[in-house]
Amino acid sequence: MPLKSAWELALERTGGQSTTKLTDAQKAKLAELDKRYTAKIAQEELTLKPKIAEARDAGEDEQAQKLEEQLQTVLSRLRRKLESEKEAVRKGS
């Protein structure tokens, strides 16, 4: 289950009502950011998941664990960066 972003948590607290109206340009930028980061996340998964499976198949559980941790670190960093950039768009920065 994916973690909720700060934006999603704020929407829950306000009953789903956004406190600010987004412009069409902001909405387009947010959609573009989602698309870009979805691609980056998929690229990282496509790169590391086969390596993890290969390490497991070879009985190298420690190496597989390190690769899984690396994948989680990279995905977490990308998600944080996405939320940061989205927040900047929402604030009009």
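With label points built 7 Å along Cα→Cβ from the Cα atoms of Arg56 and Glu12, find their separation and express it in nm.
2.9
Compute the distance in nm between two label points, each set 7 Å from the Cα along the Cα-to-Cβ direction, one at Gln72 and one at Ala42.
2.5
When the chain is treated as a GNM, springs tying every alpha-carbon pair under 10 Å, which of Arg79, Arg13, Arg56 comes out with the largest mean-square fluctuation?
Highest fluctuation among the options: Arg13.
Rounded to the nearest 500, what is the 222 nm mean residue ellipticity of the chain from helices alone, with -39500 (n - 2.57) per DSSP H run of 4+ residues and division by all residues?
Details: 3 runs with 73 residues, N = 93.
Taking each H run of at least 4 residues, the total per residue is -27500 deg cm²/dmol.
Are any of the pairs Lys51/Lys86; Lys49/Lys81; Lys49/Lys91 more than 27 Å apart by Cα-Cα distance, and if so, which?
Lys51/Lys86; Lys49/Lys91
Please get the size of the charge dipole for the chain, origin at its Cα centre, with Cβ charges of +1 on Lys and Arg and -1 on Asp and Glu, quoted in debye to the nearest 20.
On the way: 19 positive and 17 negative charges, 147 e Å.
Dipole of the chain, to the nearest 20 debye: 700 debye.
Quick one: Debye curve from the alpha-carbon atoms of the chain only, equal weights, vacuum; give me log10 I(q)/I(0) at q = 0.10, 0.13, 0.21 Å⁻¹ to two decimals.
Normalising to I(0) and taking log10 leaves -0.38, -0.58, -1.03.
Separation between the Glu32 and Lys4 pseudo-spin-labels, each 7 Å from Cα along Cα→Cβ, expressed in nm?
3.0
If I stretch the segment between Lys21 and Lys49 completely, what's the gain in nm (0.36 nm per residue apart, minus their alpha carbon distance), one decimal? If you can, show how the numbers build up before the last one.
On the way: separation 28, 0.36 × 28 = 10.08 nm, distance 3.96 nm.
Stretched fully, the Lys21-Lys49 segment lengthens by 6.1 nm.
Every number in this text was worked out from the coordinates using simple rules, so none of it is lab data. The structure displayed is predicted, hence computed values, not measured ones. Note: ideal-geometry Cβ built from the backbone for every residue, glycine included; neighbour counts use all protein chains shown.
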